[in-house]
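Okay, structure first, notes after.
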Amino acid sequence: MGIIATIALVILGISFMTFVTFFGRLPVLRRTPIAWLHRLIWVYLPNGVLGLDQRLTSGKVTTSCTRFGKFIMYDRHPTVLIFFFLLLSVGEILYLPTAWPQLGGLQKTTGTISMVLPYVFLYLASFSDPGVITPANHAREMSRYPFDFTLFHPGAECRTCALLKPARSKHCSVCKRCVSKLDHHCIFINNCVGVGNHHWFILLLLSTAVLTLYGGVLGIHLMTAKMRARYPYWNLLPWNAYGGKGIEFKPWLIIWSWGLQDGVAMGAVTLLTLLTTPLVWGLLAYHIWLIYCGTTTNESMKWGDWQAEMSDGFAFKRRMPADRPKNLRIEPRWTRWPVETEQILVRTDDGKPPRSDLVIPGVGEWEPAWRLKDIENLYDLGFWDNLTDVFFPNYTFRDPQMPVVEGRARKKRRRRAPR
Ligand SMILES: [Zn+2]
Ligand SMILES: [Zn+2]
């Protein structure tokens, strides 16, 4: 029992740390213990270690650790991709010799499909073009999304790529290239997640989530069947077939540990899948939620920043008329998005509205924006259209030449910024 408990604790600890690392910076969890733990792990503890190392070795240890950490996180190399691939393969190699002979025909088929799909989607997510912006496709990418004058303003230039930044694009500092609708750079696939592979990334998360859940449930099922066969009275519940009285917790656990040790490879992989399942499903749910909100990881950070500006009273908005003059060089006509912005949001340094002598687009008086609720999110068309946009990035939602259908446009305009 001792070794297994230790392994389980270590895996649980790693899963929890990964959870905190992934979710601790989310604006939604800003005032929760998760965010506090994130600061503890990534700010306070490193600072403490840094201070100690400064005193003991005058900083030699931390310098080399920082270099290694930077290499893992900020350089483009397949180390984590290989680790992920090995985790999948080694897990399956350990699991299958025990599990496979016990499976029926249907289970073998569903099992094979759920094992193959993560590899397929891992390959597609890693090796397909995330939407790298080049001089050749720049005009097309500029017309992909309209500028919302809130998160993205026309005229910004990427100095590294020497190109005007299209709306929703971002320069990836790891890959050193601009990517269209960049969600984030993912070290697990050693690639950016952008307009070209966002759907493969979602399918990779979904297939991995299904695989870990399936492997965990199947492993538990096989192990309990084995333990029941050997110890028919193995049941905690009082209403079982053996004397109507459940066994006590301690012998129940001892039989569990026998079950795990009897097939230790499959048992360990089952434990690992059960402990990582909530993490993978959590990540999947988070990305589905982002799609539901019509935003990306990158944009959700920007919305978080705006929330802070608004709370401090530094954000102002005013109306943008539809017939405003446009500089078509920096703001070309878009071809596939059904709505355009009706507002402009700016920040000022002094908490006062922008000065009237500044040339800023829009008409009318500036009014303070206090809450994200008062701001429209141009990139949110509703869940199903957002999902369509992820899976069919070249889908044209409505011919922009056609008159706007009143009801539908109204409904779309009412979508608000994610909170
Ligand atoms: Zn760039
Ligand atoms: Zn990248």
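The values are calculated or read from the model by the stated rules, or taken from the named source; none is laboratory data. Because the structure is predicted, anything quoted here is derived from the model rather than measured. Reconstructed Cβ throughout: ideal geometry from the backbone, glycine too, with neighbour counts over all protein chains shown.
Would you pick out the residues in segment 27-84 that are in contact with a helix residue (DSSP H, G or I) (Cβ under 9 Å, 6 or more places away or on another chain) and at positive phi?
The answer is GLY59, and nothing else.
Among the residues of segment 295-330, which ones are in contact with a Gly (Cβ under 8 Å, 6 or more places away or on another chain) and closer than 29 Å to VAL193 by Cβ?
Hit for segment 295-330 is ILE330, nothing else.
Among the residues of segment 142-166, count how many are basic (Lys, Arg) and either within 11 Å of ligand 1 (Cβ to nearest atom) or assigned by TED's automatic domain parsing to the domain that holds PRO361 (or both).
Residues flagged as basic (Lys, Arg) and either within 11 Å of ligand 1 (Cβ to nearest atom) or assigned by TED's automatic domain parsing to the domain that holds PRO361 (or both) within segment 142-166 amount to 2.
Report, by residue number, each residue of segment 181-201 that is within 30 Å of ARG371 (Cα to Cα), in contact with a helix residue (DSSP H, G or I) (Cβ under 6 Å, 6 or more places away or on another chain) and more than 11 Å from ligand 1 (Cβ to nearest atom).
Residues satisfying the conditions are ASP183, HIS184, VAL193, HIS198.
Which residues, taken from segment 336-372, are surrounded by 19 or more Cβ atoms within 10 Å (Cβ to Cβ) and among the β-branched types (Val, Ile, Thr)?
Selection gives VAL339, THR341, ILE344, VAL346.
Can you spot a residue in segment 61-73 that is more than 16 Å from ligand 1 (Cβ to nearest atom), touching a residue at least 60 places away in the same chain (Cβ under 8 Å) and either in contact with a strand residue (DSSP E or B) (Cβ under 7 Å, 6 or more places away or on another chain) or not basic (Lys, Arg) (or both)?
yes
Out of the residues in segment 136-173 that are touching a Leu at 6+ places or on another chain (Cβ under 7 Å) and of a type in the set (S, T, N, Q), state the one that is nearest to ligand 2 (Cβ to nearest atom).
SER169
Kindly evaluate PRO251 against the criterion of being outside any helix (DSSP H, G or I), over 30 Å from THR112 (Cβ atoms) and free of Cβ contacts under 8 Å to residues at least 60 places away in the same chain.
no
So, in segment 129-141, how many residues would count as being more than 15 Å from ARG177 (Cα to Cα) and either in contact (Cβ under 8 Å) with a residue 40 or more places away in the chain or within 16 Å of ligand 1 (Cβ to nearest atom) (or both)?
Summing the residues that are more than 15 Å from ARG177 (Cα to Cα) and either in contact (Cβ under 8 Å) with a residue 40 or more places away in the chain or within 16 Å of ligand 1 (Cβ to nearest atom) (or both) in segment 129-141 gives 1.
For the subset of segment 119-135 comprising residues that are within 16 Å of ligand 2 (Cβ to nearest atom) and surrounded by fewer than 14 Cβ atoms within 10 Å (Cβ to Cβ), which member is farthest from LEU87 (Cα to Cα)?
THR134
Quick check on VAL280: is it within 16 Å of ligand 2 (Cβ to nearest atom) and at negative phi?
no
Name the residue, out of SER89, SER114, SER169, that is within 16 Å of ligand 1 (Cβ to nearest atom) and surrounded by 12 or more Cβ atoms within 10 Å (Cβ to Cβ).
Of the residues listed, the single one that is within 16 Å of ligand 1 (Cβ to nearest atom) and surrounded by 12 or more Cβ atoms within 10 Å (Cβ to Cβ) is SER169.
Which one is farthest from the chain's Cα centre (by Cα), of the residues in segment 373-400 that are buried (at least 18 other Cβ atoms within 10 Å of the Cβ) and among the acidic types (Asp, Glu)?
Restricting to residues being buried (at least 18 other Cβ atoms within 10 Å of the Cβ) and among the acidic types (Asp, Glu), the top hit is GLU376.
Step by step: first the residues of segment 226-248, then only those that are closer than 21 Å to LEU260 by Cβ and of a type in the set (Gly, Ala, Ser), then the one that is modelled with the highest pLDDT. Which residue is that?
Filtering segment 226-248 for residues that are closer than 21 Å to LEU260 by Cβ and of a type in the set (Gly, Ala, Ser), the one modelled with the highest pLDDT comes out as ALA229.
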